[in-house]
Each structure stands twice: as C-alpha cells, then as structure tokens.
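What follows is a single structure, written as structure tokens, with notes after it.
The values are calculated or read from the model by the stated rules, or taken from the named source; none is laboratory data. All of these numbers come straight from a predicted model, not from anything done at the bench. Please note: Cβ atoms are built from the backbone with ideal geometry, for glycine as well, and neighbour counts cover all protein chains shown.
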Amino acid sequence: MQAQNRKENIFIFLKLGRKQTIAKQLTIRPRQGRIKEQPNRINEKIKGLKEVRLVGDNVEQGVFSYDEAIRIADQLELDLVEISPNAVPPVCKIVDYQKFLYHQKKREKEAKAKTAKVILKEIRFGPQTDDHDYNFKLKHAIGFLKEGCKVKAYVFFKGRSILFKEQGEVLLLRFASDLEDYAKVDQLPQLEGKRMIVMFSPKAKVTTKPK
C-alpha cells in the first residue's frame, strides 16, 4: 500500500513539474532587438510644423510650408531632415539621409581622433638656469608647439632651493613672454609641492586668404 502511494506521489510530482515547465516555456517572451532611434526627425515624422526654413544643395533656400518642403524633397527623391528643431522656424535640410548620417559620423570620428592626438611635452628648469640652457629649452618648446603639442614647463626646487621660488616664477613668466607668438597660457605659474608649473597650448595657425 505504501509502495503504491509512493508511486502515485511520484507520478503527481512529475506531472505537476512538467506542467510548471510548460507554463514557464509559455511565459518566455521572445527577445526583442533594440530599435535604434534616429537622431533627426525625417519626412512624415516631422509633425506639427506649419512652415520650415529650407536649406540644402540645389534647392531654393528660404521659408516654405511643411507640405511644400515635403513636395520638393519628393521631387528630388531625397529626404526632408530636421537639423535645427529649436530654430524659429525649424531648419530642415533636403538631403539623402543615409549619406547625411555617414558624413556626420565621419566628422565626429575625425574630431575625436584630433582630440585624442593631443600630446603633452614637459620642459624642466632649475631655479638658477643659465641663459644657454634656457635658450636650448626655449627652442625645444617652440618646436613642440609648432607640432601641435601642449607644453608643461616647470621649475623643480630641490632641497633648500625652494627659497628661490620667486626667482623660479620670474623665469617662467619670462618663458611665457618668449613663447607669446607660439602659445597661449592655460595656467599661470602655480606652486605644486616642489614644482612651480605653467601650462601652454599651441596657438591656432592664422592663414591669410590671397587677395
């Protein structure tokens, strides 16, 4: 009798377990792929606008009704892309949207690459640097700045030479003056521990247009 009850209990347990497994399988939801949101509203997704300022290549630029702007985009077989939604009226561009996104990503990538390539060069002085050593380091700093590098110049005070910190400040201010044509000062001489530091960034090259 006990053996029969045990078999019945095992059967019920397995039956319930199978039902629970099936129930779980039925409640599993299929994975949904991420829907990428477009960074701009385009074509029919541009809603609630009576008029837009139209820009783009080979189109008449100016303020048009939304319906007219869509009609022009359709005639050119291009997209109407909202590029400045906060302008009054909002600015839209007639362009191939996929090409627009491609060039936008390319510009962002180039800008990021330029930012990542900024190199910092260090120039070290002592508080009593002689003129020969000073001019040698000045020449190196000018070369670094012309290459587009940032320059960190500092006077290192060893032991009791910290007593000459005013002399170190004068030296760095002279250095800043001599680099005036090549650099802008990001940080004036500042004492940090045993070092007095001044930071420089290269000046943007000024190109003159031929007359």
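The table for this structure:
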| item | result |
| --- | --- |
| Verdict on PHE136 being of a type in the set (Phe, Trp, Tyr) and either modelled with pLDDT of 90 or more or touching a Leu at 6+ places or on another chain (Cβ under 6 Å) (or both) | yes |
| Meets criteria (touching a residue at least 24 places away in the same chain (Cβ under 8 Å) and assigned by TED's automatic domain parsing to the domain that holds ASP79) for LEU101 | yes |
| Hey, LEU173 farther than 30 Å from TYR66 by Cβ, free of Cβ contacts under 8 Å to residues at least 40 places away in the same chain and assigned by TED's automatic domain parsing to the domain that holds ILE197 or not | yes |
| The one condition in (1) in contact with a Lys or Arg (Cβ under 8 Å, 6 or more places away or on another chain); (2) without any contact (Cβ under 8 Å) to a residue 40 or more places away in the chain that LEU163 fails to fulfil | (1) |
| Residue within the stretch 45-62 that is hydrophobic (A, V, I, L, M, F, W, C) and more than 17 Å from PHE100 (Cβ to Cβ) present | yes |
